[in-house]
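Reading through the structure tokens given below for one structure.
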Amino acid sequence: MGPKSNLILSKMENKEVTLLKKALERQKKARLQAERILEEKSKELYDATNQLKESNERLENMLSEKTSELEGVFYNIIDPYIVMDIMGNILRMNGAAKELLGYDNNIEEINLMNLVHKDYVQYTQESFHKLYEVGELKNYKTKILDKDKNEKFIHVNSSIIYDKNRKPIAAQGVIRDITKEDEIEKLLAEKRKQLDIIVENSPLGIVLTVDDKIIRANNASVNLFGYTEQELKKLSLDKISMTCNNSTSIKEISNFEPSENQENYSLVKRFYKKDGSTFLAKTLISRVEQEKKQKGYQVAIIEDITEQRNLEEQKEQLLKELEASNKGLQEYAHIVSHDLKSPLRSISALSTWLLEDYASSLDENGVFQLKAMQEKVEAMDKLVDGILKYSTIKSDNLDNTKVDVNTVIKDIRDIIYIPDHVEVKTLNKLPTIFADKTKIHQLFQNIIGNAVVHIEEEKGLVSVSSKETPSHWEFSIKDNGVGIPKEYHEKIFKIFQSIGNKERSTGIGLSIVKKIIDLYDGEIWLDSEIGKGTTFSFTLKK
Amino acid sequence: MDILFIEDDAIETMKLNRTVSKLQLKHNITEAKNGEEALNILKSGASLPDIILLDLNMPRMSGTEFLKILKEDDVLKYLPTIILTTSENRADLLECYKIGIAGYVIKPLKYEDYENKLKKVLEYWDTNELVKA
């Protein structure tokens with residue numbers, strides 16, 4: 001090898017060294033970097049581990065919190081709650097469930113299937129199958145027997161609990177005791193039945209409508225309208241009644257307190273029957289609002305008052321006619337009395353003049369006949385007067401005031417003819433009553449007037465007395481006259497029934513007495529003994 | 001006194017005339033058979049009577065109808081009018097007093113009683129100061 005080659009060699013060697021050195025340098029750098037990365041990663045790993053540990057702890061805390069929360073819910077749940085295995089054995093139950101069933105799973109083993117009432121066993125087995133197949137069971141109802149053998153009706157919502165492999169391991173259920181609800185439902189059904197009986201047997205038509213459509217009509221309304229219930233259900237009340245505003249018979253009587261969700265009103269409406277005829281009916285309509293979104297009911301109670309109305313109208317008409325004819329009759333009585341009295345006055349005057357002007361030409365017999373004629377005329381005048389008085393005694397023209405009966409008796413003593421041998425006296429202080437003075441006067445005058453002229457005793461005595469009862473005044477008028485035979489005791493109060501032998505008695509006096517007493521809701525009676533005297537007694541309502 | 005006597009019954013008229021002459025009263029009696037006739041007399045221009053004696057029940061025009069017309073007349077309404085009737089109807093009596101009358105006398109049955117009553121009525125009005133047309 002030559003120097004040249006050495007040089008070259010050395011040159012080469014130098015280059016190689018430099019390269020090597022550089023490579024070494026790079027290697028060193030890379031290792032450093034790797035170390036740094038490793039360091040970072042291991043720090044991250046450490047941090048991650050820490051974090052994991054933390055969150056794990058948190059999760060564990062949460063889990064235990066939730067578990068205890070659930071425990072709380074389980075025990076505090078109001079409805080009975082039960083967890084059972086797939087065979088129906090109770091695994092857990094809350095307080096409410098223990099109370100409902102009377103059993104405690106901590107004390108004894110309970111299989112739910114044994115509690116089911118025998119009528120429900122088959123249905124229950126089917127329901128359990130369904131539960132396992134579908135995973136849940138809603139609205140399952142059954143009858144069970146509790147520990148004391150009480151029958152209970154329950155409602156259950158339950159679902160299956162699965163393990164992580166979706167294998168059913170247990171079932172949980174929330175139970176509701178619906179024994180009461182069931183009773184209420186039965187009671188409701190009973191009430192509904194009672195209501196139906198009332199509605200169907202009501203003599204009043206009852207129609208239930210929603211939205212103006214008839215949805216129910218009872219027997220009475222079927223009979224009223226002549227439609228079947230099915231036909232009625234296709235109609236509305238408006239269609240079978242005359243419109244309100246053109247009917248004059250509508251009379252609204254709002255005699256009901258309006259309330260928030262109910263509205264009642266009553267009116268008289270004319271309805272059409274199927275055959276086209278109409279009838280008038282008193283109709284009570286009640287609007288019953290329902291819970292929101294549901295349409296309200298309208299109940300119409302229909303009472304056919306056609307006949308009633310006809311009778312009322314007839315009665316009114318009759319009353320009017322009666323009133324008119326009464327008034328006419330009274331007018332008539334006055335006119336007749338005037339027309340009868342006028343000629344009597346003429347006859348009386350003429351006979352008087354005959355006596356005056358021709359006294360010298362008349363013999364005793366002629367004078368007697370003329371006087372007899374005058375007496376007859378007088379009797380007839382009294383009769384006409386009596387009839388007029390009798391026919392005008394009416395309750396509608398009574399002028400009731402305070403009347404002192406003592407004064408009335410005194411006035412009568414002054415006015416009427418009392419024979420010298422007769423005395424009229426009062427035995428006690430007579431009351432002051434509330435009545436029509438003229439009528440009371442007439443009443444006493446007619447009885448006393450009768451009494452004083454029928455006494456044949458040497459000393460005649462007519463005595464008036466009174467006593468008070470809770471509701472009436474009772475008066476007695478006693479005389480020592482000729483007496484009235486028993487067979488006439490009723491007859492004497494009838495008009496034109498005179499029993500007196502006095503020519504002037506008209507037979508009207510006591511019938512007027514009776515009529516006045518009738519006006520004051522009283523009664524009259526008499527005790528009499530022939531030859532001893534008579535006592536008239538009568539009562540007048542206070 | 002000048003008396004206008006309104007009465008349809010002839011015998012009633014005889015009764016009044018007989019009473020007046022028997023009692024030797026110097027009254028001048030004008031007779032009218034009903035309300036219409038009486039109005040004709042009153043409106044004829046002849047001197048007006050001092051008092052009117054009026055029956056109620058008369059044909060054609062009743063006493064109350066006549067009375068109403070009389071009371072609506074500005075001059076005639078001053079004439080004292082005494083009702084002389086057989087009507088004891090209270091409604092008649094009230095109606096007459098309502099329209100306006102100077103008296104209401106009921107004709108008694110007996111002539112003697114009639115004489116007595118009429119004597120008093122005529123004496124009373126004779127004592128009074130009269131309107132005198």
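The values are calculated or read from the model by the stated rules, or taken from the named source; none is laboratory data. Everything quoted here is computed from the prediction, not taken from an experiment. Note that each Cβ is placed from the backbone with ideal geometry, even for glycine, and that neighbours are counted across all protein chains shown.
Listed conditions (1) touching an Asp or Glu at 6+ places or on another chain (Cβ under 9 Å); (2) without any contact (Cβ under 8 Å) to a residue 12 or more places away in the chain are all met by B:LYS26, apart from (1).
Here the condition is being at pLDDT 90 or above, closer than 24 Å to A:ILE387 by Cα and not β-branched (Val, Ile, Thr); of A:ASN501, A:ASN446, A:ASN450, it holds for A:ASN446 alone.
Out of B:LEU56, B:LEU42, B:LEU84, one residue alone is more than 21 Å from A:SER337 (Cβ to Cβ) and buried (at least 17 other Cβ atoms within 10 Å of the Cβ). It is B:LEU42. Taking the conditions (1) modelled with pLDDT of 90 or more; (2) within 30 Å of A:ALA372 (Cβ to Cβ) in turn, A:GLN314 satisfies each one other than (2).
The lone criterion from (1) without any contact (Cβ under 8 Å) to a residue 40 or more places away in the chain; (2) away from every other protein chain (no Cβ under 14 Å); (3) among the aliphatic types (A, V, I, L, M) left unmet by B:ALA91 is number (2). Comparison of B:TYR97, B:TYR104 shows that the only residue that is away from chain A (no Cβ under 13 Å), at pLDDT 95 or above and in contact with a Cys (Cβ under 7 Å, 6 or more places away or on another chain) is B:TYR104. Here is a check on your reading of the model: is A:LYS11 of a type in the set (Lys, Arg) and either in the same structural domain as A:GLY135 (by TED's automatic domain parsing) or modelled with pLDDT of 90 or more (or both)? For A:LYS11, the condition - of a type in the set (Lys, Arg) and either in the same structural domain as A:GLY135 (by TED's automatic domain parsing) or modelled with pLDDT of 90 or more (or both) - is not met. Note on the range B:1-41: residues that are away from every other protein chain (no Cβ under 14 Å) and assigned to a helix (DSSP H, G or I) amount to 8. The residues of the range A:522-538 that are within 43 Å of the chain's Cα centre (by Cα) and touching a residue at least 24 places away in the same chain (Cβ under 8 Å) amount to a single one, A:GLY522.
Matching residues to (1) surrounded by fewer than 18 Cβ atoms within 10 Å (Cβ to Cβ); (2) within 9 Å of chain B (Cβ to nearest Cβ); (3) basic (Lys, Arg):
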site: A:ILE335; (1), (2), (3): yes, yes, no
site: A:ASP339; (1), (2), (3): yes, yes, no
site: A:THR352; (1), (2), (3): no, yes, no
site: A:PHE368; (1), (2), (3): yes, no, no
site: A:GLU375; (1), (2), (3): yes, no, no
site: A:ASP385; (1), (2), (3): yes, yes, no
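Counting only helices (runs of 4 or more DSSP H) that sit wholly inside the range A:108-210, those with at least 1 residues that are out of contact with any Phe, Trp or Tyr (no Cβ under 6 Å at 6 or more places or on another chain) and among the small types (Gly, Ala, Ser) are A:179-201. One residue is enough: does the range A:397-408 have a residue meeting the conditions facing another protein chain (nearest Cβ under 9 Å) and either of a type in the set (Lys, Arg) or surrounded by fewer than 17 Cβ atoms within 10 Å (Cβ to Cβ) (or both)? The answer is yes, given that some residue of the range A:397-408 is facing another protein chain (nearest Cβ under 9 Å) and either of a type in the set (Lys, Arg) or surrounded by fewer than 17 Cβ atoms within 10 Å (Cβ to Cβ) (or both).
Restricting A:ILE440, A:ILE433 to residues that are in a strand (DSSP E or B) and outside the structural domain of A:LYS382 (by TED's automatic domain parsing) narrows the list to A:ILE433. Criterion applied to A:GLU331, A:GLU316, A:GLU323, A:GLU312 was being without any contact (Cβ under 8 Å) to a residue 12 or more places away in the chain and facing another protein chain (nearest Cβ under 9 Å), and the one residue passing it is A:GLU331. The sole residue among A:MET93, A:MET62 that is hydrophobic (A, V, I, L, M, F, W, C) and at pLDDT below 85 is A:MET62.
Filtered by the rule that a residue be surrounded by 15 or more Cβ atoms within 10 Å (Cβ to Cβ) and away from chain A (no Cβ under 14 Å), the range B:107-133 gives B:LYS119, B:VAL121, B:LEU122, B:TRP125, B:LEU130. Screening A:ILE393, A:ILE440 for residues that are out of contact with any Phe, Trp or Tyr (no Cβ under 8 Å at 6 or more places or on another chain), modelled with pLDDT of 90 or more and under 21 Å from B:GLU88 (Cβ atoms) leaves exactly one candidate, A:ILE440.
The single residue among A:VAL134, A:VAL121 that is under 18 Å from A:ILE169 (Cα atoms) and surrounded by fewer than 17 Cβ atoms within 10 Å (Cβ to Cβ) turns out to be A:VAL134.
It is to be established whether one or more residues within the range B:73-85 are in a helix (DSSP H, G or I), of a type outside the set (Asp, Glu) and closer than 30 Å to A:TYR390 by Cβ. No; the residues of the range B:73-85 include none that is in a helix (DSSP H, G or I), of a type outside the set (Asp, Glu) and closer than 30 Å to A:TYR390 by Cβ.
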